[in-house]
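The values are calculated or read from the model by the stated rules, or taken from the named source; none is laboratory data. Predicted, not measured: the structure shown is a model, and the values here were computed from it. Cβ sites come from the backbone with ideal geometry, for glycine too, and all protein chains shown count toward neighbours.
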Amino acid sequence: MRRGSLQRELNRWLFAASLACAVVGGLLSAGLAYLSAEDMQDSMLLEVARWVPDGERYDNFWSRERHDEQVLVQALGKRGFLRLSEKLKPGFHDIEARGNFWRVLVVRPMDGAVPYAVAQQTELRAELAGNNALYALLPVVVLAIGFFLIARWVLARGLKPVRKLAAEIDSRESLSLEPLSDAGIAEEILPFTRAINRLLSRTRNDIQRQQRFIADAAHEMRTPVAGLNLLADSVCRDETQENQMLMRQGLKRLESLVTQLLDLARLQFNYQTHTQVVEADVLLRELIASVYPLAIERSVDLGVLRIENIRVADLDYGLSKIFRNGLSNAIRYIPVDGQINVSLFAEGEEMVFRIDDTGPGIDPAALKSVFEPFDRGSRAGNEGNGLGLAIAKQVALRSGGVLIVENLEGRGLRYEYRQHRVANAS
């Protein structure tokens, strides 16, 4: 399929407009020239009639004919070059005689003299009109052609910076993401170049974020791998149950880290996913049951304020990640004998999942970066990889939801997720 060209399209329309202007100008010029020639002929016939000698307005004029530079003067009702009826009214007439068309001026003198006619062929008028139209049309044609050529030159000149910009982009390295220069770019194209610059900025930020992610991941994986190497050496020397248990824990942590890294990478790079409608309340009850033993082990009061029946769209099983992250973080970081309140309810068109705890909260300065990968904030001394909240945030963004973590007044932390809910089946 042939790709459309804006320049060719504009050239075609400019040519058509110029041609139309020339045609319309020609028709108008021809019409005005014809009217002008008609007025000139009528004026000449009146002038000739005014100068017909008085002495020739007698009987001897009845049978006479006068030819003066292709102008005919003839009495009415008499035989002559033209057959003119004596009943013709005074004024101008267009008649056909002797195979030609004539413009005739009929004059009836006030003194009762013989009426007469002054006539001339219209062919002369048409020739004069054609010449006048040609002279008037030539400037119009020249102006139309000049307009077309100038407009085409201006268009090519206006698109030259765009071609220069395209050549500059082609010559760049693959990782050269500096903003494009908009110098000389037409105002109509500026939104396009600015949109490209915004895209380049987002791409540059994404690459920088991925580079930081890779560096942090390498750093995080270096510690457990080094620990496992030491444990492996110890196990080889002394196969004690304690060392074997420590190795299993290290392998479990490393497995968890790798799994979370893969989850986060898949979410950040927008891999194709599957969406299904789930019962959020059923899912939450199952997750609460699964983490309840951990709450008992840590002497935490895990309570449920309310759970309503709500259906939502679940993107690649991400809702369970958001629920589990909030529950596990609350249990893991709350002090012994702390209290956790879980709620799931509908508010307008949204589902609201909320966890309030009585823990120490998070330092306000650390809240700004709490969703960054490997960031533990004020909880750096605790277990965990620092990826759970980053994964939950990515899931929320891709699901069209909003995830917030904020300190409560006085003491405690709130973990809240909102998402548009699906109407329950009737």
Looking at 355, 404, which one is surrounded by fewer than 18 Cβ atoms within 10 Å (Cβ to Cβ) and either modelled with pLDDT of 85 or more or of a type in the set (Gly, Ala, Ser) (or both)?
404
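Check segment 72-86 and report whether any residue there is in a loop (DSSP other than H, G, I, E, B) and at pLDDT 80 or above.
No, every residue in segment 72-86 fails to be in a loop (DSSP other than H, G, I, E, B) and at pLDDT 80 or above.
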Can you name the residue in segment 95-124 that is small (Gly, Ala, Ser) and loosely packed, with under 13 Cβ neighbours inside 10 Å and, of all such residues, is modelled with the lowest pLDDT?
112
Of all residues in segment 319-343 being surrounded by 22 or more Cβ atoms within 10 Å (Cβ to Cβ) and of a type in the set (Gly, Ala, Ser), which is nearest to residue 302 (Cα to Cα)?
330
How many residues are within 23 Å of residue 8 (Cβ to Cβ) and not in a helix (DSSP H, G or I) when one looks only at segment 155-203?
6
